[in-house]
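Where a number appears in this text, it was derived from the coordinates with a stated rule and is not lab data. Note that this is a predicted model, so its numbers are computed, not measured. Backbone-built Cβ (ideal geometry, glycine too); neighbour counts: all protein chains shown.
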Amino acid sequence: MANTSIVPRHLRVACGNATAAEVNAGKAIVPDRGDRQVVVVGGWLRALGGNAAGATSVDITDTAASPVTVASTAVGSLTQNTVVSLSGANLGVGLTAGKGLRITKTGSSLTGATSIDYCIWYAYV
């Protein structure tokens, strides 16, 4: 669940759904914001419409030209309707200043699942 090593002053939540095509293209889920850094403290993903396949992982990254990966979830974990908590070395870490977040994939195109639900807990610092 949430990384408790930091306690942000103003926790925000970005929840929604990204189609497989949007994940494959890299969908922005938190907009860029001035010179502030995003700190992701937790969240979850859930595959809908089937088990995720094809790609290596579904990732939450920042929107920088050389993106920092916050969390990477192996597609084998994304079985239909199963909520999978985010994990990664960059949870609780300030990301690239002025950049937002996106949901994307690593490897081949995401197949199997028709979409991915996401819920990300974050703050600006």
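Between LEU110 and ASN24, ALA55, the built amide H atoms are under 5 Å apart, and every one of these is 5 or more places off in sequence or on another chain.
Could you rank the peptides 90-97, 61-68 by their average count of other C-beta atoms within 10 Å per residue, with the highest value first? Could you put the intermediate results ahead of the total?
Values: 90-97: 18.1, 61-68: 16.2.
Top to bottom by mean Cβ count within 10 Å: 90-97, 61-68.
Between SER109 and GLN37, the FRET efficiency from the beta-carbon distance, with R0 = 30 Å, is close to 0.45. Whole-Hz Karplus values for the stretch 97-106 come out as 4, x, 10, x, 10, 9, 9, 8, 9, 10 Hz, taken residue by residue from phi with 6.51 cos²θ - 1.76 cosθ + 1.60 and θ = phi - 60°; glycine and proline positions read x. Comparing Cα centroids, the stretch 91-118 and the stretch 58-87 end up 5 angstrom apart.
Points 7 angstrom from Cα along the Cβ direction at TYR124 and ALA89: gap in nanometres? Roughly 2.9 nm, to one decimal. Along the charge dipole of the chain, pointing to its positive end and built from +1/-1 on Cβ of Lys, Arg, Asp and Glu, which listed residue (VAL75, ILE116, VAL93) has its Cα farthest out? Most positive-ward Cα: VAL93.
Secondary-structure-derived ellipticity at 222 nm for the chain, considering helices only, amounts to -1000 deg cm²/dmol, per-run term -39500 (n - 2.57) for DSSP H runs with n ≥ 4. Here's the picture: charge each Lys and Arg Cβ at +1 and each Asp and Glu Cβ at -1 in the chain, and of LEU11, VAL23, THR104 the one pushed furthest to the positive end of that dipole is LEU11.
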